[in-house]
Amino acid sequence: MDRVRVERYLSGRLGEGVRITSLSQAFPGLSRETWLVRFERGRAGAAVEQGLVIRADSPGGPFPPVPLEYEYRVYVHLARTDIPVARPLWFDAAPELTDGRALFVRDLVEGSTLLPGLGDDTAAAAERRRRVAIEHIENLARLHRLDWSAAGFGSFMEVPASAEDAPRRELMRWWRVWERVRTAPLPIVTEALHWFADHLPKRAAALSLCKGQNGIGEEIWRDDRLVALCDWELANLGDPCQDLALSQGMLKLWDRARLVAHYEGVAGFSLPPDNIDYYIVWNAFKSMLSLSNGLNSFLDGRYRHLARATLGYGKVKVYEHLLGAIIGLDLHGAANLVMLGQPNPYHNKKVAGG
């Protein structure tokens, strides 16, 4: 995107001239592009500053095979609740700004997706990690307590028949997606899917609105407080244990058992440890599925971006070997194997917020 096109687009949507003061892309933006826009609107001398986020499909489409409009609808429904999210403004299915790629626009929330210094080897940093972990887990518990039916999520999300039905429905939904988007047969993955079926949780801890991906790098923080939950493309109705298992290493910030106990006290229900272990392993499959899906646009010539090939071939092969390794393990052993390869959240890399 360039300033001239963004100014023209926003002026048309807002019904008055705007002047871009800052335009930057959030890193890494491989699945979808996220642009942070600051601008002035109104007459000179009385101009009002404003910030927006433009989230758009990349030229090769997203890695997770989920339409962008789905994520926008999640934001719209969440904005009517007390869950902290940026206010959604509009969805555009085929704008000229992105040469026909879908986008949606939301308010810019001031803050950062990362917390520099969180991994310092000091007593103060250790205490800070405890506070951040508790802040995050409490927000997850509030999300999982949300009355998703009253908030309207059942109008566009797949609704499990019961807590007992939720784990199998999650498995079969993504199994069908895998059959549709895979770029090769990969029989080891098929065998792993049968392993998941054999180790399926007996029931979900609750039937909750789940975020799908969360933790450091996924939310907006300000003064070590979580001010907005972002990235809702994998949101679903299912087992809340998903969100604790797929939390970008947040369970490593502090003592895992104490974090889970704190969560249970806020949420009002218990989390079966086997369910968390199951979804830790399940995340390896869903990650591989998304990366494999992203390779399709490279293979058919729509988007010859090198990262698509690197991730779609190399990283997928890593996940294939990992899934092959778990086939002979019990649930706990498989979860430990996957956890060994999870990224460490104690880092100080800086990326744009928004």
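Sub-8 Å Cβ pairs linking a first residue in the stretch 72-101 that is closer than 15 Å to Asn236 by Cα to a second residue that is aromatic (Phe, Trp, Tyr) and assigned to a helix (DSSP H, G or I), at least 6 apart or interchain, are Val74/Phe153; His77/Phe153, ordered by first then second residue.
Checking every residue in the stretch 104-117 against the condition of being touching a Ser or Thr at 6+ places or on another chain (Cβ under 8 Å) and either over 21 Å from Arg55 (Cα atoms) or open to solvent by 70 Å² or more (accessible area, probe 1.4 Å) (or both) gives zero matches.
Given the residues Glu170, Glu179, which is the only one that is acidic (Asp, Glu), crowded, with 21+ Cβ neighbours inside 10 Å and either in a helix (DSSP H, G or I) or touching a residue at least 40 places away in the same chain (Cβ under 8 Å) (or both)? So the residue among Glu170, Glu179 that is acidic (Asp, Glu), crowded, with 21+ Cβ neighbours inside 10 Å and either in a helix (DSSP H, G or I) or touching a residue at least 40 places away in the same chain (Cβ under 8 Å) (or both) is Glu170.
Among residues that are out of contact with any strand residue (DSSP E or B) (no Cβ under 7 Å at 6 or more places or on another chain), crowded, with 18+ Cβ neighbours inside 10 Å and either among the hydroxyl-bearing types (Ser, Thr, Tyr) or closer than 23 Å to Leu331 by Cα (or both), Leu244 is included. Among residues of the stretch 289-309 that are outside the structural domain of Pro62 (by TED's automatic domain parsing), none has a beta-carbon under 8 Å from a residue that is acidic (Asp, Glu) and open to solvent by 30 Å² or more (accessible area, probe 1.4 Å) at least six positions away or on a different chain. Against the numbered list (1) in a strand (DSSP E or B); (2) closer than 28 Å to Leu295 by Cβ, Glu40 comes up short only at (2).
Just one of the listed residues (Leu52, Leu97) is of a type in the set (A, V, I, L, M, F, W, C) and under 30 Å from Arg142 (Cα atoms), namely Leu52. What about Leu146, is it over 30 Å from Tyr313 (Cβ atoms), in contact with a strand residue (DSSP E or B) (Cβ under 9 Å, 6 or more places away or on another chain) and not assigned by TED's automatic domain parsing to the domain that holds Ala309? Spelling it out, it is not the case that Leu146 is over 30 Å from Tyr313 (Cβ atoms), in contact with a strand residue (DSSP E or B) (Cβ under 9 Å, 6 or more places away or on another chain) and not assigned by TED's automatic domain parsing to the domain that holds Ala309.
Taken over the stretch 155-201, the criterion of being in contact with a Pro (Cβ under 8 Å, 6 or more places away or on another chain) and of a type in the set (Lys, Arg) is satisfied by Arg169, Arg180.
Conditions tested, residue by residue: (1) in contact with a strand residue (DSSP E or B) (Cβ under 6 Å, 6 or more places away or on another chain); (2) under 22 Å from Leu259 (Cβ atoms).
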residue: Ala163; (1), (2): no, no
residue: Trp178; (1), (2): no, no
residue: Pro185; (1), (2): no, no
residue: Ile216; (1), (2): no, yes
residue: Leu226; (1), (2): yes, yes
residue: Asn236; (1), (2): yes, no
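The values are calculated or read from the model by the stated rules, or taken from the named source; none is laboratory data. Note that this is a predicted model, so its numbers are computed, not measured. Methodologically, a virtual Cβ is constructed for each residue, glycine included, from the backbone with ideal geometry; neighbour enumeration extends over all protein chains shown. Surface accessibility is based on the protein's heavy atoms, side chains included, excluding ligands, DNA and RNA. Shrake-Rupley method; radii C 1.70, N 1.55, O 1.52, S 1.80 Å.
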